[in-house]
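What follows is a single structure, written as structure tokens, with notes after it.
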Amino acid sequence: MKTIKEVEQVTQLRTGNEMVAEAARAIDFHFMGYYPITPSTEISERIDAMKAKGEIRTVMLPADGEHGAAGACFGASTGGARVLNATSANGLLYSLEQLPVQAGSRMPMVLNLVTRSVSGPLDIRCDHSDLMFALQTGWIILMASTPQAAYDMNLIAVRLGEHPKVRLPVMVVTDGFFTSHQRQEVRIFKNKSDVESFIGVRNDCYTTLDPRKPVTIGPYMNDPDLINNKYQLHQAHEAALEAYQEIVIEFEALSSRAYPALETYGAADADSALFILNSAAETSKEAVDELLASGKKVAVFKPNILRPFPSEELKKKTHSLKSIVIAERSDSPGSIGGPISHEVKSVLFSDHHCDIAAISRVFGLGGKDFNEEDAKSLLVDGLKIIQEPGAVPAFGFFGADQGQSKALPKTILPALTREEVSPGLVKVNQKDGALHVSIVDTALLATRSKRIAPGHGACPGCGIFSGLDQFFKGIEGDVVVLYHTGCAMVVTTDYPFSAHRITYLHNLFQNGAPTLSGLVEVFHEKKRRGEISTSEEITFVMITGDGGMDIGMGPTIGTALRNHPMIILEYDNQGYMNTGGQLSYSTPFGNETSTSHVGKQSVGKSFHHKDTASIMAATGIP
Amino acid sequence: MWFFGREQIEIPSRDRVEIRLEAIGGQGANSAGKILAEVAILEKKFTGNHFSSFGSEKRGTPVKSFVRFSTSRKPIRSASFIRTPNLLVVFHEYMIESHPEIFSGVGIETDVLINSAKSPNELLFPKGVHPRWVGSIDGNKIAHGQNCGLNSVMLGAMIPFLPELGKESIEEVGGRYFVKLSEAERQANLSGLKKGYQGVRVKTALPHQDRINLEEQDQVRLGYENAPFGGVIVNPGNTALKSHEASRKGFAPKLDKEVCFNCGMCDQVCPDFCFVWKINPASRFGAELVGLDYQYCKGCQKCIQVCPVQALTLTAENEITELERSTSWLENQK
Ligand SMILES: Cc1ncc(C[n+]2csc(CCOP(=O)(O)OP(=O)(O)O)c2C)c(N)n1
Ligand code: SF4
Ligand code: SF4
């Protein structure tokens, strides 16, 4: 074997997201298709800024949603391009359908999953409920537990996915906020040429861009062929584990950083181990140090690759174990343990290790903090169960709180009365086939009870709420609202608080219009059945930002074409504000946003302001 | 050893230092944390890390920023929040009451630095909070005077509490950080940093200082036994219990009732629904403006811009009287 020299590296202080962007700088992907979602957004923002300055050549495609982003990436990858995407939580779920297409067609690309809890309720913090949906997609999944690993794993991902025996898309997983926003000392390859020679040149046997070699990608395939196709996928994963082991050895020689398929930290002859993913494993190492110092034989097991699962490596490491605690930032409701816990237990079982006491814990959901003390207590549970089987439950939620009492917080505001919602300040008369609207002065309108209470958390000077209030001032009678995901939703419903004095419903901003149309139809059906009094009148209003009208445009058009009696109100603040000011399709041409930088190579937003009103008018709504 | 406000502050030598910055989005706590981490890790070659936790991307929502470092270079791997800080920095005095949970984990080894015009002895903490040293700095005044970021001032004021990092290094790294700004802004921030360092007053915490008895509003802690399932909130409009005074930057609108002719324009534009009204047939338009509830006012000045007769003027906080502050939106709903 040729000897490999360590490459020159520079030391910096960087976050996980910054390191993904640094890797992208070195790799210079052909293409990135993306859609903003916290906490992964910063990756595309940074890469867009590099592009604007002319530091990289990557084509940046701001899609209309993650489904579109994944489609764009798939298309680009069929052309033999190096392709990147980054997402989190519902972004991953919204693109889920596309992921098996990518893997089943054996098209390598890299997707950075910055983990976050899946809705609902909506939570922007880290857990692995999104990642767990990815396990069945056929993608390779690499785990990056530190900002450094975020960089390294992206380089490894390109090489591994494009390996001739593998040819698979690769997901690189960092923990939202805990790693994506954590700043640590890191080392970056100084010379781009070193990165280039490590990742090599992409070589595709099939491409959609060679008319002299036409191919059909994505055929209609039933039995008896599909099972064979899936067996090939299985074989690719087997090859991937082997290829991974080779690649990380080479990478270690270049960088002096080791990424064994299964990393173990602590006693080599441990009595008990904690099997735990990503950043929480790093935290747990501090607890292991403490317990080792007091003579306890414990260890942390942390897989650096989750798909393919390092089963053989796990078997090799379990021989001294008497117990194992499998702790996960995800649950599989209705099953005793999260998905990974079942996977670990099945490996032990297949190795005839039924004598190891295995217990499962769900922790840290929705970003709930997990520190060294918590890790210690999980490790101690593992030791207790050796002393006394049954000493601690086999499954449990760690850190769930029962609450203070059976009491609910006292209601501070009474429901608005019929008189309050209908003060008679706005009058509509029908005369000569036209509607005549009369409205009182602003002063009297100001005395009207608002449907939104003060105390919401919008930025100072936010235009949404004066706009909404003025709109609501014009409606007499009861109103039920549905808000799309976005600023107005987030700042008014910060649990356990709600600024809404009337009934409010949220659905993800791809899907608010259909949701409200279902409710409207049921309201009228219940009236017809006599389940709701025929005299009851409710105005149904959907509130959306301009972003919701990008990702949710299709369902909104569908809803409008069906012509339900409801109102859709879009507040157009010309960007995705909730995620920190990225371009939306209604951002004006040439405007600079965090994903449409102005620079040597970029002119701000490169396409025109979307005319939502004309699009909706074309549906023929009244 | 540092001499400030007649008291000398002595920080024992420490191997591991954990700092927690508590701020409101937009006050620059994340950048301040980043600068501290750069000093600790890149300059001093300590091990360490830094990260921030955001409630959302909004300005005006609470932000926590954490910095930890080890002077003996023990590996620091923990990616968790800092629960028992050595130094707690509060970027706005209002947070003491509006977000009392920021004091969690404060113990006898915790020094607390607060942005406040009050002296350290005058500051009060929630019951049971007993820090070691208490520092105060009139950050808003300095930031306003120097036209610089509040975080630069706070950074300067932290210097006495962080002997491991040292004044020179913090100034140097701060200076490098400000290079991105225009020359005038750079100078402003550098002098803000210096003024923060010079202006900080430090005292030992006094036993009487934990006097704030927070009102028992809506204090029931929700958990799996008592929370309505599905995440449903059954308490409409309870954001009215929240305070957003910490979003203001030392100024607020002041209402002159003599000048106001009750036109209602301010109510049309106020995003935070601060204005309290009542029906009054004797009034010109049939409605009367009672006042504004400062609990919700974020100081955006939209009402000031729109008022046709200048009945609202931008005024320094301390010139708004208790009486003016006493209008309560919530009380008026009853
Ligand atoms: C499927 C999915 N993708 C992305 C997001 C992240 N996200 C939440 S709100 C938002 C932007 C909303 O923009 P807009 O509708 O214009 O409302 P604004 O925030 O500007 O008020 C985005 C991108 C998400 N929640 N779900
Ligand atoms: S300054 Fe802004 S938030 Fe305060 S009362 Fe005026 S409009 Fe409302
Ligand atoms: S806009 Fe000015 S005059 Fe009109 S009600 Fe408000 S404070 Fe009074």
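Per-structure values
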| item | result |
| --- | --- |
| Number of the condition not met by B:Pro271 [criteria: (1) out of contact with any Ser or Thr (no Cβ under 7 Å at 6 or more places or on another chain); (2) within 16 Å of ligand 1 (Cβ to nearest atom); (3) touching a residue at least 24 places away in the same chain (Cβ under 8 Å)] | (1) |
| Sole residue being more than 11 Å from ligand 2 (Cβ to nearest atom) and not assigned by TED's automatic domain parsing to the domain that holds B:Asn147, chosen from B:Lys254, B:Lys278, B:Lys302 | B:Lys278 |
| Which listed residue, of A:Ala358, A:Ala415, is farther than 30 Å from B:Asn262 by Cβ and out of contact with any Cys (no Cβ under 8 Å at 6 or more places or on another chain) | A:Ala358 |
| Residues that are of a type in the set (D, E, K, R), touching a strand residue (DSSP E or B) at 6+ places or on another chain (Cβ under 6 Å) and not in a helix (DSSP H, G or I), drawn from region A:329-358 | A:Asp331 |
| Test: residue in region B:235-250 that is within 15 Å of ligand 2 (Cβ to nearest atom), touching a strand residue (DSSP E or B) at 6+ places or on another chain (Cβ under 7 Å) and part of a loop (DSSP other than H, G, I, E, B) | yes |
| Filter result (surrounded by 15 or more Cβ atoms within 10 Å (Cβ to Cβ) and of a type in the set (Phe, Trp, Tyr)) within region A:495-538 | A:Phe497, A:Tyr504, A:Phe509, A:Phe523 |
| Contacts under 9 angstrom Cβ, first residue in region A:448-460 being polar (S, T, N, Q), partner in a loop (DSSP other than H, G, I, E, B), 6 or more apart | A:Ser449/A:Leu416; A:Ser449/A:Thr417; A:Ser449/A:Pro423; A:Ser449/A:Arg501 |
| Residue satisfying all of: in region B:272-299; within 10 Å of ligand 3 (Cβ to nearest atom), modelled with pLDDT of 95 or more and among the aromatic types (Phe, Trp, Tyr); surrounded by the fewest Cβ atoms within 10 Å (Cβ to Cβ) among these | B:Trp277 |
| Residue in region A:582-604 that is touching a Phe, Trp or Tyr at 6+ places or on another chain (Cβ under 7 Å) and closer than 19 Å to A:Thr87 by Cβ present | yes |
| Condition check for A:Leu378: touching a Lys or Arg at 6+ places or on another chain (Cβ under 7 Å), buried (at least 17 other Cβ atoms within 10 Å of the Cβ) and away from chain B (no Cβ under 14 Å) | no |
| Checklist (1) under 26 Å from the mean Cα position of the chain (by Cα); (2) at the interface with chain A (Cβ under 10 Å from one of its Cβ atoms) applied to B:Ile304, failing item | (2) |
| Set B:Arg221, B:Arg284: member being more than 26 Å from A:Gly467 (Cα to Cα) and at the interface with chain A (Cβ under 9 Å from one of its Cβ atoms) | B:Arg221 |
| A:Thr41 polar (S, T, N, Q), touching a His at 6+ places or on another chain (Cβ under 7 Å), within 14 Å of chain B (Cβ to nearest Cβ) and buried (at least 23 other Cβ atoms within 10 Å of the Cβ) | no |
| Near pairs, Cβ below 6 angstrom, 6+ apart or cross-chain, from region A:524-536 (within 19 Å of A:His564 (Cβ to Cβ)) to any residue that is among the β-branched types (Val, Ile, Thr) and loosely packed, with under 10 Cβ neighbours inside 10 Å | A:Lys527/A:Thr534 |
| Selection from region A:453-480 of residues that are away from chain B (no Cβ under 12 Å), under 19 Å from A:Asp441 (Cβ atoms) and surrounded by 17 or more Cβ atoms within 10 Å (Cβ to Cβ) | A:Glu476 |
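The values are calculated or read from the model by the stated rules, or taken from the named source; none is laboratory data. Here the structure is a predicted model, which means the values were calculated and not measured. FYI the Cβ positions are ideal-geometry reconstructions off the backbone, even for glycines, and counts take in every protein chain you see.
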